[in-house]
Amino acid sequence: MRDKYRYIGPVYDFLSNLYSGKNIHRCKTAMLDVETVKPGDRILFAGVGHGRDAIRAAELGADVTVVDLSETMLRKFGEAQESEAPHLTIRRIHNDIMKVDEFGQYDMVVANFFLNVFDETMMVRVLEHLIQLGNAEASVVVGDFCYPTGNVLSRTFKKLYWYMAVFIFWLFANNAFHKIYNYPEHMRRLGLEVTEKKHFKLLNMDCYWSILGRKQA
Ligand SMILES: C[S@@+](CC[C@H](N)C(=O)[O-])C[C@H]1O[C@@H](n2cnc3c(N)ncnc32)[C@H](O)[C@@H]1O
């Protein structure tokens with residue numbers, strides 16, 4: 001299987017910090033705190049990448065599983081864990097998320113900057129699959145580029161900012177090239193109750209958001 005993140009994977013976190021001034025990292029960890037993560041909670045990180053968010057969840061006492069299709073990304077995750085939290089045990093799955101069939105097993109499923117790699121039809125299928133991996137009362141966290149709102153100037157900036165990022169990943173990782181998705185709308189349509197949204201700014205504009213959805217039993 002071809003590793004689409006072979007070239008860009010090693011520098012992924014570096015690029016993301018450069019592009020966002022660490023706001024992407026803040027966004028990815030925004031819903032991971034003592035209120036939302038209880039010791040022993042089973043949490044799945046889909047498309048984990050370098051996975052500092054997954055390490056944070058494990059540090060809070062969660063029983064963490066990470067999934068990624070890219071060997072390069074999982075290697076980078078292993079290196080990050082080795083240097084930051086070698087004492088923790090985190091289960092790694094090297095596979096396509098659509099082949100992970102541990103339905104109903106997770107208290108929380110996290111998709112940080114993951115759903116944006118797919119075209120919209122596939123993104124909805126993947127989101128539906130992630131929801132099914134959660135148990136009856138699971139929460140589903142989506143962190144990503146924020147749907148552009150505000151005045152014309154602000155919307156234009158946010159779109160340009162997104163298209164620059166998606167172009168780079170289309171070029172180097174063959175990701176889908178598409179507009180910014182309205183994740184809360186999709187989450188609601190798939191039956192989640194959206195209980196919280198946290199925004200993160202760049203140049204005083206909301207460029208990223210972390211959305212917390214809950215399954216309704
Ligand atoms: C844009 S990166 C985001 C990485 C990480 N979540 C973050 O926020 O830094 C997308 C990740 O999803 C992984 N990925 C893409 N398609 C996948 C699939 N079908 N199943 C599992 N992982 C996948 C890629 O290998 C990559 O690590």
Residue 140, sole failed condition from (1) crowded, with 19+ Cβ neighbours inside 10 Å; (2) without any contact (Cβ under 8 Å) to a residue 60 or more places away in the chain; (3) within 15 Å of the chain's Cα centre (by Cα)
(2)
Tell me yes or no: at least one residue of the stretch 28-36 is part of a helix (DSSP H, G or I) and surrounded by 13 or more Cβ atoms within 10 Å (Cβ to Cβ).
yes
Looking only at helices (runs of 4 or more DSSP H) that fall completely inside the stretch 103-217, which ones have 2 or more residues that are over 28 Å from residue 2 (Cβ atoms)?
152-173, 183-189
Scanning the stretch 58-90 residue by residue, those within 13 Å of the ligand (Cβ to nearest atom) and touching a Pro at 6+ places or on another chain (Cβ under 8 Å) turn out to be 72, 76
Just checking, which of 114, 77, 118 is aromatic (Phe, Trp, Tyr) and free of Cβ contacts under 8 Å to residues at least 40 places away in the same chain?
77
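Which of the following residues is more than 8 Å from the ligand (Cβ to nearest atom), open to solvent by less than 10 Å² (accessible area, probe 1.4 Å) and not in a helix (DSSP H, G or I): 43, 93, 55?
Only one candidate qualifies: 43.
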Can you give me the number of residues within the stretch 58-74 that are surrounded by fewer than 18 Cβ atoms within 10 Å (Cβ to Cβ) and free of Cβ contacts under 8 Å to residues at least 60 places away in the same chain?
4
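The values are calculated or read from the model by the stated rules, or taken from the named source; none is laboratory data. Here the structure is a predicted model, which is why all the values come from computation and not from measurement. All Cβ positions, glycine included, derive from the backbone under ideal geometry; neighbour counts span all protein chains shown. Keep in mind that these areas ignore ligands, DNA and RNA; they rest on the heavy atoms of the full protein, side chains included. Shrake-Rupley method; radii C 1.70, N 1.55, O 1.52, S 1.80 Å.
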